[in-house]
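For reference, the structure is listed below as structure tokens.
The values are calculated or read from the model by the stated rules, or taken from the named source; none is laboratory data. Bear in mind the structure is a predicted one, so any value in this text is a computation, not a measurement. Cβ atoms come from the backbone with ideal geometry, glycine included; neighbour counts cover every protein chain shown. All accessible areas refer to the heavy atoms of the entire protein, side chains included, with ligands and DNA or RNA removed. Shrake-Rupley method; radii C 1.70, N 1.55, O 1.52, S 1.80 Å.
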Amino acid sequence: MASGFTLWFTGLSGAGKSTIAELVGGELERNATLVEYLDGDVVRTHLSKGLGFSREDRDTNIERIGWVASRLTRHGAAVLVSAISPYAKTRRHARQLVENEGEFVEVFVKASVEECARRDVKGLYEKAFSGELKEFTGVSDPYEEPASPELVLDTELETPQESAGRVLELLGERGLASLKVPA
Ligand code: ADX
């Protein structure tokens, strides 16, 4: 069985994590890889329902995601996590959990607060700037940039397709995904 791995997309809300994860996942699925998605927004409606955005709750959320990712990685899946995961220490712990079972690839999906606020896909930045929404990452809550991620995707400079292509390239280099050429 192929080695399982977790691709951990971290970055601000609206930076492009979920969009890129879906593009990468689609390609992996086409290649018959077993793929599972753990998206912060979705996880918070099930596994992490009821958690808020204090440091403690975010850490609990990320610990849970890291644990599930490690279980799936153990069974050879390609796990695509998209969560802000703002704290370096908690991301490190998630890495440790996963690395007991397979590979962990941290991908920093990078875009400035200004750019994310300009995109404001969910209308949350406006609320954060007005003070209606408290503890909002990048505005009124910290985001600790990864010091040595396996990959940095600057989504102000590259399209989601280009970013997804770079992720797939890295997976290929690491022997984690060999995209089959159709016969
Ligand atoms: S994390 O900090 O625990 O990793 P997670 O990725 O699960 O966060 O959830 C982030 C999503 O929750 C955002 O994309 C946004 O849609 C929503 N959200 C609601 N309130 C906040 C907030 N205060 N800070 C960040 N995101 C928030």
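The number of residues in region 119-145 that are of a type in the set (Val, Ile, Thr) and closer than 15 Å to Pro86 by Cα comes to 2. Restricted to region 94-109, and to residues there that are open to solvent by 10 Å² or more (accessible area, probe 1.4 Å) and closer than 9 Å to Trp8 by Cβ, the residue that is nearest to the chain's Cα centre (by Cα) is Glu106.
Taking region 68-93 as the search range and keeping residues that are within 13 Å of the chain's Cα centre (by Cα) and away from the ligand (no atom under 12 Å from the Cβ), which one is nearest to Leu47 (Cα to Cα)? Among those that are within 13 Å of the chain's Cα centre (by Cα) and away from the ligand (no atom under 12 Å from the Cβ), it is Ala69.
Going by the structure shown, is Thr45 under 30 Å from Ala117 (Cβ atoms) and β-branched (Val, Ile, Thr)? Spelling it out, Thr45 is indeed under 30 Å from Ala117 (Cβ atoms) and β-branched (Val, Ile, Thr).
Here the helices (runs of 4 or more DSSP H) wholly within region 82-183 that include at least 1 residues being in contact with a strand residue (DSSP E or B) (Cβ under 8 Å, 6 or more places away or on another chain) are 88-99, 160-173.
Filtered by the rule that a residue be within 16 Å of the ligand (Cβ to nearest atom) and of a type in the set (S, T, N, Q), region 24-59 gives Thr45, Ser48, Ser54.
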